[in-house]
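The values are calculated or read from the model by the stated rules, or taken from the named source; none is laboratory data. Keep in mind it's a predicted model, so treat the numbers as computed, not measured. We place every Cβ from the backbone using ideal geometry, glycine too, and count neighbours over all the protein chains shown. Surface accessibility is based on the protein's heavy atoms, side chains included, excluding ligands, DNA and RNA. Shrake-Rupley method; radii C 1.70, N 1.55, O 1.52, S 1.80 Å.
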Amino acid sequence: MTTKVTAAETAAQKEYAEKVRELNSARELPPIAHVHSFGCQQNVSDGEKIKGMLAMMGYGFSDSADGADLVLFNTCAVRENAEDRVFGNLGALKHNKKLKPDMLIGVCGCMVQQEHITERIKKSFPYVDMVFGTHVLHTLPQLIYEALTTHKRQISIPQMDGVIAEGIPLRRESKLKASIPIMYGCNNFCTYCIVPYVRGRERSRDPEEIVREAEQLVADGYKELLLLGQNVNSYGRGTDVDFPELLRRINALPGDFRIRFMTSHPKDCTHELIDTIRDCEKVSRHLHLPFQSGSDRILKRMNRRYDREKYLELVNYAKEQIPGLSLTSDIIVGFPGETYEDFCDTVSLIREVKFSSLFTFIYSPREGTPAAAMEDPVTRAEKGKWFAELLAAQEEIAAENEQKLIGTSHRLLCDAKGTADGYMSGHSEGTAVVEFPGDESMIGKFINVRIEECDGIFKGKIITEE
Ligand code: SAH
Ligand code: SF4
Ligand code: F3S
């Protein structure tokens with residue numbers, strides 16, 4: 001069941017924020033916070049809320065932990081290397097704390113929702129002042145207030161299905177592109193994945209809240225809205241709006257902007273969704289549809305609840321309906337029990353679909369997930385070889401795709417300077433980054449460009465019409 005944070009609780013947190021602000025304003029210089037988000041876009045979006053709350057409490061910001069009065073690591077648990085990075089960075093903070101004993105160090109996010117991790121932090125990192133989980137992000141003002149006034153460690157990691165907190169101020173990273181979480185958590189329990197354990201059950205925000213936020217962002221000049229959820233195709237349970245309808249409502253808002261979304265789960269991706277992408281002019285012609293493995297045997301063991309045939313049917317329908325569609329995917333290599341033959345099914349699938357780009361991962365066992373208990377006889381070194389083989393195949397496909405893009409026209413969102421003087425850079429609706437002659441006055445504008453060449457970077461010419 002979805003629980004909303006009550007107005008009274010939100011007001012109480014605002015009061016704590018005010019008290020922290022008062023403490024901070026008594027200081028000679030405003031305190032500086034360093035917040036680092038280690039994970040996916042949802043995690044980065046939480047980081048924007050953290051920064052929004054900190055700004056409310058009077059903190060300024062720095063990109064570096066050195067000299068900061070508050071360091072917060074917003075962590076990810078999806079693979080072991082994500083966790084290792086956090087521990088490495090935490091170790092380095094010992095020195096900072098020595099130099100500045102009154103600084104605060106906090107660890108939050110997905111990683112600390114796991115008991116063994118919290119225990120390790122408690123034992124091995126005594127200089128960490130605050131550890132708090134994903135379900136209590138909105139209580140940050142209270143945690144900081146308590147840490148500052150009691151000088152006691154604050155540990156807050158309730159295990160619950162999860163809540164929705166509205167009205168948290170955000171400090172967005174970009175002035176052009178904004179992320180909007182439309183749902184939180186996940187119910188799918190893919191057997192390799194830790195996310196459902198650390199993020200709680202799936203819950204959807206009210207469509208009215210989302211549309212209002214989108215409208216405000218467009219009014220504020222944002223040009224790209226990224227709708228976020230672990231499985232956006234199941235958006236809307238408990239509301240009367242499903243995901244295609246949500247897309248149509250945002251698409252109907254006036255203004256020149258584009259809509260992106262991720263992630264779509266193939267088991268819930270429908271023809272209606274594909275038709276909606278086709279019909280809504282503001283929705284980017286891009287579908288991120290992770291297939292994870294090309295082998296039906298492995299898909300079953302992963303509990304993905306679709307097979308290769310269903311995946312290919314969806315992709316083929318999408319390609320047919322949406323010319324120029326850019327397809328991307330996530331893949332896991334070396335799932336427990338995967339054989340070389342299974343792996344070859346994955347390679348043959350990428351050759352068949354020809355994705356624009358891929359996010360590829362070697363399987364990483366996650367404590368407490370069903371896959372972590374499965375037999376896994378293939379060595380890490382062997383998996384490494386398969387992984388290299390997959391990357392080589394994708395490189396070939398990418399080179400082919402690149403050639404096909406030459407001569408095609410794209411509506412780019414100009415978002416940065418190019419690598420050479422006199423050039424600007426923009427993103428297409430898909431994954432292409434194209435440079436074209438221009439100046440900084442173009443940033444934030446949509447520019448029509450025809451791709452002329454590719455020398456490692458796409459170069460294009462501005463055209464007036466598509
Ligand atoms: N909700 C999204 C993905 C979330 S995690 C979806 O269902 O597609 C992002 C990606 O990390 C996954 O798609 C998967 O490819 C990868 N991943 C998740 N758990 C992993 C693990 N234990 N080992 C390796 N890769 C993993
Ligand atoms: Fe993890 Fe599967 Fe949920 Fe994605 S859908 S977050 S891979 S459990
Ligand atoms: Fe995202 Fe990592 Fe958590 S991928 S949801 S930050 S485990």
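Structural remarks
- SER124 falls short on exactly one of the conditions (1) free of Cβ contacts under 8 Å to residues at least 40 places away in the same chain; (2) in contact with a strand residue (DSSP E or B) (Cβ under 7 Å, 6 or more places away or on another chain); (3) among the hydroxyl-bearing types (Ser, Thr, Tyr), and that condition is (2).
- The stretch 292-312 - residue that is in a loop (DSSP other than H, G, I, E, B) and closer than 14 Å to LEU349 by Cα and, of those, nearest to ligand 1 (Cβ to nearest atom): SER293
- The stretch 286-327, residues that are among the polar types (S, T, N, Q) and within 16 Å of ligand 3 (Cβ to nearest atom): GLN292
- Cross-chain or 6+ apart pairs with Cβ under 6 Å, the stretch 75-87 first and closer than 14 Å to THR134 by Cα, then open to solvent by less than 10 Å² (accessible area, probe 1.4 Å) and not in a helix (DSSP H, G or I): THR75/GLY109; ALA77/ILE194
- Applying the condition of being assigned to a loop (DSSP other than H, G, I, E, B) and not aliphatic (A, V, I, L, M) to the stretch 126-145 and asking which residue is nearest to ligand 1 (Cβ to nearest atom) yields GLY133.
- Residue in the stretch 241-250 that is over 23 Å from THR431 (Cα atoms), open to solvent by less than 10 Å² (accessible area, probe 1.4 Å), in contact (Cβ under 8 Å) with a residue 12 or more places away in the chain and within 21 Å of the chain's Cα centre (by Cα) present: yes
- Single residue of the stretch 183-205 satisfying the filter (within 21 Å of GLU83 (Cα to Cα), in contact (Cβ under 8 Å) with a residue 60 or more places away in the chain and part of a loop (DSSP other than H, G, I, E, B)) that is farthest from ligand 2 (Cβ to nearest atom): GLY200
- Yes/no for GLU367 being open to solvent by 60 Å² or more (accessible area, probe 1.4 Å), part of a helix (DSSP H, G or I) and of a type in the set (D, E, K, R): no
- Considering the stretch 4-53, the residues that are among the acidic types (Asp, Glu) and more than 29 Å from the chain's Cα centre (by Cα) include one that is least open to solvent (accessible area, probe 1.4 Å), namely GLU18.
- Scanning the stretch 275-328 for residues being within 16 Å of ligand 2 (Cβ to nearest atom) and under 30 Å from GLY255 (Cα atoms) gives a total of 4.
- Matching option when the condition is touching a Lys or Arg at 6+ places or on another chain (Cβ under 6 Å) and open to solvent by less than 20 Å² (accessible area, probe 1.4 Å), among ILE168, ILE194: ILE194
- Filter result for PRO336 (under 25 Å from CYS110 (Cα atoms), at pLDDT 95 or above and open to solvent by 30 Å² or more (accessible area, probe 1.4 Å)): no
- One residue from LYS98, LYS94, LYS175, LYS123 being farther than 20 Å from ASP66 by Cα, open to solvent by 60 Å² or more (accessible area, probe 1.4 Å) and part of a helix (DSSP H, G or I): LYS123
- With a requirement of 1 or more residues that are under 23 Å from GLY255 (Cβ atoms) and open to solvent by less than 50 Å² (accessible area, probe 1.4 Å), the strands (runs of 3 or more DSSP E) lying completely within the stretch 389-466 that satisfy it span 409-417, 423-427, 446-454.
- The one condition in (1) open to solvent by 30 Å² or more (accessible area, probe 1.4 Å); (2) without any contact (Cβ under 8 Å) to a residue 60 or more places away in the chain that GLN142 fails to fulfil: (2)
- Candidates GLY456, GLY460, GLY384, GLY438, filtered to the one that is farther than 17 Å from SER329 by Cβ and modelled with pLDDT under 95: GLY456
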